[in-house]
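Worksheet for the structure shown next.
Any read-out appearing in this document is the output of simple, stated calculations on the displayed coordinates, not a laboratory observation. Everything quoted here is computed from the prediction, not taken from an experiment. As a convention, Cβ positions derive from the backbone with ideal geometry for all residues, glycine included, and neighbour counts pool all protein chains shown.
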Amino acid sequence: MDNKRIIIAIDGHSSCGKSTFAKAIAARLGYIFIDTGAMYRAVTLYALEHGAINSGIVDESQVVAMLPQIEIDFRFNPQRGASDIYVNGDLVEGKIRTIEVSNCVSAVSSIAEVRAKLVAMQQRMGERRGVVMDGRDIGTVVFPEAELKIYMTADPMVRAERRFKELTAKGDKVTIEEIYENVVSRDKADMTRAISPLRKADDAIVLDNSHMSVEQQMEWFDEQYRRVVGC
Ligand code: DC
């Protein structure tokens, strides 16, 4: 579409299709797509599997002590058209989106040391530009200089229904009520935490996709992208 490689920052509420949207944009532009939520989920999974979370209670000092042992990397999976996430060489893509991880990830992602480690990694990944990164603090903290910032949202019930379909299609036994509860409580936790809370960057444009198809979102994106790159 052009030869000026930019950084596209996509922030917003949980389960509003940020990754689907970001992945489609990256494929269109030949950019790298980075799902930063997957990184916070991977740390949470590691903490769950190594005894730093018990009965849903996160032991912050144990998580911090574990951080040097957690090596995260992404490897492109041509079948998915996106990168899979690995922890210490193990593929964890399929294990990080369970309701158990979802219920603990906000607490883990509010730990300053966790954020410092992951933000530094994200900034390194964006050094060569040509990236679409989705998360909560990309336009505000990770890449405040990103050329195009999008703030995504959707009605909480619409989001819960989408996630419910996704999880039940995979065979997970979940109820719409528990997913709705998780969506709403994560919004609250993400927006009220002390460090890097989710908020719209002043120069971000809002996309409410409650009643939009992926195609309609891509049309909307094309307009915004043209405006930024000037073609
Ligand atoms: O995008 P997601 O739902 O997979 O993200 C999981 C959690 O990780 C989310 O509840 C908040 C946290 N997160 C964050 O704090 N900062 C980011 N850049 C991305 C995710």
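Please say if region 49-179 is rounded, prolate or oblate, where rounded means a/c under 1.5 for a ≥ b ≥ c the square roots of the C-alpha gyration tensor eigenvalues, and otherwise the choice is prolate for a/b larger than b/c and oblate otherwise?
rounded
In what sequence do H211, H13, H50 fall when counting other Cβ within 10 Å, fewest first?
H211, H50, H13
Normalised by the residues of region 12-156, what does the relative contact order come to in percent, with Cα pairs under 8 Å and at least six apart?
Relative contact order, region 12-156: 37 percent.
When the Kirkwood radius is taken over all Cα pairs of region 47-87, what Stokes-Einstein diffusion coefficient follows at 4 °C and 1.567 mPa s, in µm²/s?
Here the translational diffusion coefficient equals 108 µm²/s.
Pull out a ≥ b ≥ c, the square roots of the eigenvalues of the alpha-carbon gyration tensor of region 109-231, then state rounded if a/c is under 1.5, prolate if not and a/b is larger than b/c, and oblate in the remaining case.
In terms of gyration-tensor shape, oblate.
Hey, can you grab everything whose amide H is under 5 Å from the amide H of M152? Only 5+ residues off in sequence or another chain; H modelled, so Pro and N-termini drop out.
When sequence neighbours closer than 5 places are left aside, the close amide H contacts are D11, G12, H13, L207.
Report the semi-axes of the equivalent ellipsoid for region 74-117 in whole Å, largest first, where each axis is √(5λ) for an eigenvalue λ of the Cα gyration tensor.
In descending order the semi-axes read 23, 14, 9 Å.
Please give the contour-minus-distance gain from V228 to Q123: 0.36 nm per residue of separation, less the Cα-Cα distance, rounded to one decimal in nm.
Between V228 and Q123, full extension yields 35.7 nm more.
Quick check: residue separation of K173 and D208 times 0.36 nm, minus the Cα distance between them. What number comes out in nm?
Full extension from K173 to D208 adds 9.7 nm.
If you take every DSSP beta bridge fully contained in the chain, what fraction is antiparallel? Give it as a percent rounded to 5.
35
Alpha carbon centre of region 140-217 versus region 1-43: separation in Å?
13
Just rank M152, M66, M191, fewest to most, by other beta-carbon atoms within 10 angstrom.
Listed from fewest to most nearby Cβ atoms, that is M191, M66, M152.
Compute for the chain: radius of gyration divided by Kirkwood radius, i.e. Rg/Rh, restricted to C-alpha atoms, rounded to two decimals.
Result for the chain is an Rg/Rh of 0.94.
If eta is 0.692 mPa s and T is 37 °C, what Stokes-Einstein diffusion coefficient results for region 113-169, Kirkwood Rh from Cα pairs, in µm²/s?
In µm²/s, the coefficient is 244.
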